[in-house]
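Below is one structure, written out as structure tokens; comments come after it.
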Amino acid sequence: MMSRLKVMPDNPPRRPQAEALKPPPETTAAPAKIETRDLSFFYGENQVLFDVSMTIRERAVTALIGPSGCGKSTFLRTINRMNDIIEGTRLTGHVSLEGIDIYAKQVDVVALRNRVGMVFQKSNPFPKSIFENVAYGPKIAGERKKKVLAEIVQRSLKRAALWEEVKDRLNDSALALSGGQQQRLCIARALATDPDVLLMDEPASALDPASTAKIEDLIFELKENYTIVIVTHNMQQASRISDQTAFFYEGRLIEMEPTTALFTKPREQRTEDYITGRFG
Amino acid sequence: MKGDSHLLLRRFSLSRAKEQAIQFSLFLCALLSVVTTLGIIIVLVNEAVVAVGPNAAFFQEVSLKEFFTDTRWTPQFADKHFGVLPLLAGTFLIAGIAALIALPIGLASAIYLCEYAAPRTRDFVKPSLEILAGVPTVVYGYFALVFVTPYLLKPIFQDLLGFDVGVFNAASAGIVVGVMILPMVSSLSEDALRAVPRGLREAGYALGSTKFDVSVKIVLPAAASGIMASFLLAISRAVGETMAVSIAAGMTPALTMNPFRSVQTMTSYIVNVSLGDTPAGSVQYQSLYAIALTLFCITLAMNILSQVVLSRYREVYE
């Protein structure tokens, strides 16, 4: 697994630092997948994340909640270095994936993004056919064989619970699908590169309740095999689907707990105020 | 109370009258360009197809068959021939050379400006490109004649490769017209690339694309129709270009695809005859209108085509 990230061996593993965070009792079995240490992030002069240290467990769903502008999406986008494409941004601190510092000079961003897939708030299928959308990732990674591509497309669409609906029209334009189908197509497209982490930035916020329920079921199934980090502004959604919940406020990680604990017995006053709807 | 509301009503209708007057005068301004276009079409059709005045129209003296199939264009000779093919060939030879230069370079610079260039670089490169569009076309023609032909074409194609490069030639005209339409291709294509939603680029990067993958495999296909439209508009501009080609390509109506020979385009024929002492009402004189009508139809068709292509692509994202 680690060999897929092109990194020099002199990169020190950061796992020992994980002891610093008290591991939550329910999930001690799951090893840490992603860790951040003192992560700060700047848009120009404007600091939007302040010293965020977080441990994200493997094969679990971690929800990031908080009011608009609290930095939860920015935090999510540091994990696959999507913020790199925005000009004038700066990051300090560390983000590691399986102990490897993903912001180290030797890291190949393309390889990183192949392992860390992403689904966006607004579904963004390419104006191509359904097949071509899903096959895009494997194709740019160099896969040419038609048979292999067809297998990947079928497997990914099945995992995204879309195969039955589109199997007879794989060559139709992806833009002809409904909003909920488009979002599941985007999930299938992200799964096609065979990642082990899936980042989701409010994936259901633009969908109707029925489509939202489908996406939530899907997330529940996917956590068998994937580490999922999901940003949501919907607290019911966070409590339904996640194992861990992190509450962000004004760029700071206020608290992170197993989801049940956070929603029933929050430690911090601000968390309680937010989850009881006093602000946000 | 009653008086107040009366005042209110009067002032209201007065401002409405003013509003209507403004609307009407704006409508007149818009109408002006429509009327001008109609006027041009009427004059062209009147002189070329069906004459209302005392002189016979061009196509009443020269058959459509001769116009489109005769391979000689010799209106000023004793043995008159009115075959438009040499002029069409000259026009499209030059437009073709121009397209060969402007389309790839224009598209490449659009991709660079939109996807690669840092904002500071773009702020410098974009205005410099647009300066090219502001150079008077006569300067381009002169530049072709005194620089491109003697210092670019002759050393390479004549001295090195053994072609016979004339003083007036289609290649030099094509090259400068290409440079002339380059800013148009680049700026319209850039608009098309910029209209591609950010989300598509992000999706591409998130799937492990390099910048080149995103530019070529995602943004470019998504902007294809806008880019096609920019190509068509630029070629239509090249077809209609007059001054530079009159100076650089010469006045020899020749049915040739040899870029190093002198050719005459439809536009330079019009210049040629307009400046000469051709008697009004003669067939040569009427031929101007036939050529102008042909030119008008070609550029109109290309502009309409580009509009159609463009409107199809707007549907995808709105």
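Quick notes on this structure:
- Distances between placed amide hydrogens fall under 5 Å for B:Phe82 paired with B:Thr74, all partners being 5 or more residues away or on another chain.
- Springs join every pair of Cα atoms under 10 Å in this Gaussian network model of chain B, and among B:Cys297, B:Cys114, B:Cys29 the largest mean-square fluctuation is at B:Cys29.
- Taken about its Cα centre, region B:126-218 carries a charge dipole of roughly 300 debye when the Cβ of each Lys and Arg holds +1 and the Cβ of each Asp and Glu holds -1.
- Taking chain B as a Gaussian network of alpha-carbon nodes connected by springs under 10 Å, the highest mean-square fluctuation of the residues B:Thr265, B:Thr121, B:Thr242 belongs to B:Thr121.
- Taken one residue at a time, the phi angles of region A:75-92 give Karplus couplings (6.51, -1.76, 1.60, θ = phi - 60°) of 4, 4, 6, 6, 6, 10, 6, 5, 5, 4, 7, 8, 6, x, 9, 9, 9, 10 Hz. Gly and Pro are set to x.
- GNM flexibility winner over chain B from B:Ile218, B:Ile235, B:Ile22 (Cα, springs under 10 Å): B:Ile22
- Antiparallel content of DSSP bridges confined to chain A, in %, to 5: 60
- Farthest towards the positive end of the charge dipole of region B:185-318, among the residues B:Ala254, B:Leu310, B:Phe212, is the Cα of B:Phe212, using unit charges on the Cβ of Lys, Arg, Asp and Glu.
- Annotation: the antiparallel percentage among DSSP beta bridges lying fully within the protein assembly as shown is about 60.
- Once backbone amide H atoms are built at 1.01 Å from N, A:Met118 has A:Leu199 as its partners under 5 Å, excluding neighbours fewer than 5 places away on the same chain.
- Computed from backbone phi with θ = phi - 60° and the Karplus coefficients 6.51, -1.76 and 1.60, the 3J(HN,Hα) list for region B:275-280 is 7, x, 10, 5, x, 4 Hz; x is used for glycine and proline.
- Taking amide hydrogens as placed 1.01 Å from N in the peptide plane, the amide H of A:Ala246 sits under 5 Å from those of A:Ala63, A:Leu64, A:Ile65, each at least 5 positions away in sequence or on another chain.
- Anisotropy class of chain B from Cα gyration tensor, a/c 1.5 cut: oblate
- Karplus-based coupling profile of region A:94-109, in residue order and whole Hz: 10, 10, 10, 10, 6, x, 9, 5, 6, 9, 5, 4, 7, 6, 8, 4, with θ = phi - 60° in 6.51 cos²θ - 1.76 cosθ + 1.60 and x standing for Gly or Pro.
- Restricting region B:142-213 to chymotrypsin sites (Phe, Trp or Tyr not before Pro) in coil, as DSSP defines it, with at most 13 other Cβ within 10 Å: none
Taken together, the values in this text are just the output of simple stated rules run on the coordinates, not laboratory data. This structure is a prediction, so every number in the text was calculated from the model and none was measured. Ideal geometry is used to build each Cβ from the backbone, glycine not excepted, and the neighbour counts take in all protein chains shown.
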